[in-house]
Amino acid sequence: MTMTGPTTDGYRAVPPDWEDELRSWLEESWDPELTVGEWWERLGMSGWAAPLLPADAYGRGMNRADAMVAARIIRDHGALGAPVGMGIGMVAPTIITHGTQEQIDRFLPEIVTGRKWWCQLFSEPGAGSDLAGLGTRAERDGDQWIVNGQKVWTSGGHWADLGMLIARTDPNAPKHQGITWFACNMHQPGVDVRTLREMTGGAMFCEVFFSDAVVDDTDRVGDANNGWQVANTTLFHERSGMGAGGERGRPGTMARPGTIAGDLAKRAGDFVKPRRKARRALDDAPDLASPANIYVELARATGLDKDAVVRQALAQSHVLGEVQRLNTQRHKAVRAQGGDIPGLPNFSKLLTAQILRHHRDLGLQLLGPRGMLHGYDPEQRETLEEVPGGMVAHLLTAQAIQAQALPIFGGTDQIQRNIIGERVLGLPKEPGDMSRLPWNELPRNG
Ligand SMILES: Cc1cc2nc3c(=O)[nH]c(=O)nc-3n(C[C@H](O)[C@H](O)[C@H](O)COP(=O)(O)OP(=O)(O)OC[C@H]3O[C@@H](n4cnc5c(N)ncnc54)[C@H](O)[C@@H]3O)c2cc1C
């Protein structure tokens, strides 16, 4: 494989052979008349849907930079991108690391072809930051496990065919040692999924109740009571995906995998044709690739570019963005040489959260009273896009409402600081460590 760095448009000055191979494959294989399901079947089984996965596990064994170039080539060809979601990013690497070959061959084809949608059944009402304290029970009954308990914050649970379930299998062991990781079938009477309405107007999260739900022992990934290690692999891949960028949300990747969403039977070509109105609105918007630009343009448009406080906030936006960009480059360079910078992913997530909050406040300051209006459904959005500020104002109010999410998921800001303090700076651990007490002897509220 030719090793040359990407040019500014993301492609190589001297393209490696696999780029030609992918382009010819797309020439032969892409057909907008296929259904989404048929197209993803071709893309997934060819290894191009998940090129980061090993070649013997339905991928191509590529590095992250190459995988991103491959995704861009698919998009630029005008083809529908790979299925998005937790399947490829989190479930597949977890099963590859801890599962059996039989499990790889049973679960991965359904993931890379988008046939099944997965959700993450980790958090509970009493176990979020302290995930190892979880109380959902799975009790062995012959070749099966019987599950009882409750999960919450389950993103996309209402579309899911399968869930990554972690449950307590030995309550007498210390909390990290009595957990097991299962692939749980969501389509069964003992699983009750209820959506939760959010401040964004959407209902993306669910609470999931288990009442004597059944999981076969063949769907246990890793050893019984060793689920904390398995879950950490899942969480590692969740966190690495957060800073990975990629093609999420682009017109070529909007079809939803799984049997419930209903997109598999639709025409693949319809998902790559950008809607005319959205295209026009985006063309009118400032260059969103550079986050600070949108605010500078808006400050000019509203005359607030003369305001000293706004000018400082604009400069800070640029500085924070540059620090983030340079840190990412530094980390990539160190990793390319086989090294690592301890704590940098935690630091990077904290900084991203800070940038989001800064942009929320700056955006609302620039919008003034207009910032109090947000289009929660397509009809409201269309009306608001017609008034001054249009699409840009909508993007900023959407961002302001959603800015609370990142500082919470994947480990809150406080938890990131704890990790940096303890593991990077060598500060003493939090007082009251109960990690050696049996789980069922831990103090509980009520
Ligand atoms: C957008 C989004 C998507 C999510 N998707 C999923 C999903 O699909 N599946 C899933 O399982 N979960 C999901 N979550 C849940 C997420 O992982 C938890 O919300 C998160 O781990 C925090 O847990 P909690 O909400 O129970 O808060 P808690 O742990 O109860 O924390 C409450 C507050 O106390 C602070 N705190 C807690 N412990 C400490 C400590 N030791 N030191 C200092 N401060 C502390 C926290 O920082 C926080 O401010 C999602 C969350 C969000 C926001």
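The values are calculated or read from the model by the stated rules, or taken from the named source; none is laboratory data. All of these numbers come straight from a predicted model, not from anything done at the bench. Glycine gets a Cβ as well: all are built from the backbone with ideal geometry, and neighbour counts include every protein chain shown. Surface accessibility is based on the protein's heavy atoms, side chains included, excluding ligands, DNA and RNA. Shrake-Rupley method; radii C 1.70, N 1.55, O 1.52, S 1.80 Å.
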Label-point separation in nm, GLU102 to GLN399, each point 7 Å along Cα→Cβ: 5.1
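In the chain, carbon and sulfur make up what percent of the accessible area (probe 1.4 Å)? Intermediate values should be presented prior to the final figure.
Values: 12200 of 22890 Å².
Carbon-and-sulfur percentage of accessible area, whole number: 53.
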Pairwise over distinct Cα atoms, reciprocal of the mean inverse distance: report the Kirkwood radius of the chain in Å, one decimal place. 24.0
Applying 1/(1 + (r/R0)^6) with R0 = 25 Å to the Cβ-Cβ distance of GLN414 and GLU322, what FRET efficiency is obtained, to the nearest 0.05? 0.45
Rounded to the nearest 10 Å², what accessible area does HIS187 have for a 1.4 Å probe in the complete protein model? 100
Evaluate E = 1/(1 + (r/R0)^6) for ALA265 and LYS429, where r is the Cβ-Cβ distance and R0 equals 35 Å; express this FRET efficiency to the nearest 0.05. 0.10
Can you tell which of GLN177, GLN312, GLN399 shows the greatest fluctuation in a Gaussian network model of the chain with Cα springs below 10 Å? GLN312
Sorted by accessible surface (1.4 Å probe, heavy atoms of the protein chains only), largest first, SER129, SER317, SER240 come out as SER129, SER240, SER317
Per 0.36 nm of contour for each residue apart, how much would the distance between GLU27 and LEU442 grow if the chain were fully extended, relative to their Cα-Cα spacing? 143.4 nm
Links exceeding 24 Å between C-alpha atoms in this model, out of LYS116/LYS151; LYS306/LYS349; LYS332/LYS429; LYS116/LYS332, come to LYS306/LYS349; LYS332/LYS429; LYS116/LYS332
Can you give the accessible area of TYR376 in Å² (nearest 10), computed on protein heavy atoms with a 1.4 Å probe? 110
Along the charge dipole of the range 377-442, which of PRO378, LEU437, GLN399 sits closest to the positive end, that is, farthest toward it, with unit charges on the beta carbon of Lys, Arg, Asp and Glu (+1, +1, -1, -1)? LEU437
Trypsin sites (Lys or Arg not before Pro) in the range 371-446 lying in a DSSP loop, each with at most 15 other Cβ atoms within 10 Å of its Cβ, come to LYS429, ARG436, ARG444
Once the principal axes of the Cα atoms of the range 95-205 are found, what is the range along each, listed largest first in whole angstroms? 42, 35, 27
Could you state the accessible area per residue of the chain in Å², with a 1.4 Å probe and every protein chain left in place? 51
Whole-Hz Karplus couplings 3J(HN,Hα) for the range 140-153, θ = phi - 60° and coefficients 6.51, -1.76, 1.60, Gly and Pro as x, run 6, 9, x, 8, 10, 10, 10, 10, 9, x, 9, 10, 8, 6
Which one, GLY375, GLY303, GLY163, has the greatest fluctuation when you compute a Gaussian network model over the chain with C-alpha springs under 10 angstrom? GLY303
Which of GLY135, GLY47, GLY201 moves the most in a Gaussian network model of the chain with Cα springs under 10 Å? GLY201
Estimate the FRET efficiency between SER46 and THR218 by the formula 1/(1 + (r/R0)^6), using the beta-carbon distance for r and 25 Å for R0, to the nearest 0.05. 0.35
